[in-house]
Ligand SMILES: NC(=O)c1ccc[n+]([C@@H]2O[C@H](COP(=O)([O-])OP(=O)(O)OC[C@H]3O[C@@H](n4cnc5c(N)ncnc54)[C@H](O)[C@@H]3O)[C@@H](O)[C@H]2O)c1
């Protein structure tokens, strides 16, 4: 396997493209927006420069990695030669079903179709294709070039051969794949998102401020960053979408998203990607600055 297509050049897509390209795969990066492709490539370049500065890669590796990536705005052209597609477009079920139905027409029958969805059912996505045995979840963690885990999710019809091939591909990227079954939120977000949502509820109820909540979890539980900072990194829209999948899929109101999370997403406060969430991200320093809305 050598030809990989990544769909979506956002937070995750550019990291996935970067990682495959760095490990020698030829990558087609597809997005509907040229602006997202330009920003995605700029992020890849910035992250490679950082690796070069730390002497983790050579100048030749940096050039080779960038040369391994070709950008497309047309889905058909981007996927027709792919042996593996990793879809990392916006977390929206209708959008993903449409992309998979289209990819099913444009790819060859042996192509494995993987999705980086955080929570949407792999079985449901596979059901819109002719070959559901070739559909699988390949859930990378953010930031992709650094995080070791890939949660591999088997849909109801995913074949053993496809699962084992995707485990091997993940290992070839120097990652550690863990196989789990298709259930809402899988393992990672079934556990992580209720914790983030509870931190937002705690803030909303006035139990403590943004910095206090994050400090308790960092220093008290040895988490590398607090849950509100992590929510800003993940994207509040992504957090909201996952909570809704947990609530609907598990049929339990304990997963209801906090109204503050809903309001912030509606107001366009999405975290790092929009410049403001619980913290303000436009300040150009490494300091965490609590966003104006949450200042006491
Ligand atoms: N953000 C995280 O920390 C994280 C972690 C793991 C998994 N995920 C999952 O990864 C996926 C992508 O999330 P993200 O945070 O990168 O989102 P994002 O909003 O940063 O990027 C999404 C990209 O998809 C593009 N897009 C939208 N429709 C498209 C289409 N039809 N064809 C091609 N591109 C299209 C958008 O232009 C955008 O560039 C989601 O399924 C999300 O649940 C996110």
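The values are calculated or read from the model by the stated rules, or taken from the named source; none is laboratory data. None of these values were measured; they are calculated from a predicted model. All Cβ positions, even for glycine, are placed from backbone atoms using ideal geometry, and neighbour counts span all protein chains on display.
If you go through the stretch 92-107, how many residues are in contact (Cβ under 8 Å) with a residue 12 or more places away in the chain and within 14 Å of the ligand (Cβ to nearest atom)?
10
I'd like to know if the stretch 155-173 contains one or more residues that are within 16 Å of the ligand (Cβ to nearest atom) and modelled with pLDDT under 95.
no
Does at least one position in the stretch 37-45 carry a residue that is under 30 Å from residue 161 (Cβ atoms), without any contact (Cβ under 8 Å) to a residue 60 or more places away in the chain and within 13 Å of the ligand (Cβ to nearest atom)?
Scanning the stretch 37-45, I find no residue that is under 30 Å from residue 161 (Cβ atoms), without any contact (Cβ under 8 Å) to a residue 60 or more places away in the chain and within 13 Å of the ligand (Cβ to nearest atom), so the answer is no.
Give the residues of the stretch 1-60 that are closer than 22 Å to residue 272 by Cβ and not in a helix (DSSP H, G or I), sorted by residue number.
Within the stretch 1-60, 6, 7, 8, 9, 10, 29, 31, 32, 33, 54 meet the criteria.
Give me the residue from the stretch 224-247 that is more than 17 Å from residue 203 (Cβ to Cβ) and touching a residue at least 12 places away in the same chain (Cβ under 8 Å) and, out of that set, surrounded by the most Cβ atoms within 10 Å (Cβ to Cβ).
Applying the filter and picking the extreme gives 242.
Which number in (1) under 18 Å from residue 140 (Cβ atoms); (2) part of a loop (DSSP other than H, G, I, E, B); (3) at pLDDT below 95 marks the one condition that residue 184 misses?
(1)
Going by the conditions given, is residue 110 within 14 Å of the ligand (Cβ to nearest atom), part of a loop (DSSP other than H, G, I, E, B) and touching a residue at least 24 places away in the same chain (Cβ under 8 Å)?
no
Any residue at all in the stretch 253-271 that is buried (at least 18 other Cβ atoms within 10 Å of the Cβ), in a strand (DSSP E or B) and not assigned by TED's automatic domain parsing to the domain that holds residue 12?
The answer is yes, given that some residue of the stretch 253-271 is buried (at least 18 other Cβ atoms within 10 Å of the Cβ), in a strand (DSSP E or B) and not assigned by TED's automatic domain parsing to the domain that holds residue 12.
Filter the stretch 272-292 down to the residues that are out of contact with any strand residue (DSSP E or B) (no Cβ under 8 Å at 6 or more places or on another chain) and within 18 Å of residue 227 (Cβ to Cβ) and list them by number.
272, 273, 276
Can you pull out the residues in the stretch 18-31 that are closer than 21 Å to residue 106 by Cα and within 17 Å of the chain's Cα centre (by Cα)?
Within the stretch 18-31, 29, 30, 31 meet the criteria.
Filter the stretch 1-45 down to the residues that are surrounded by 19 or more Cβ atoms within 10 Å (Cβ to Cβ) and at positive phi and list them by number.
Result: 8, single match.
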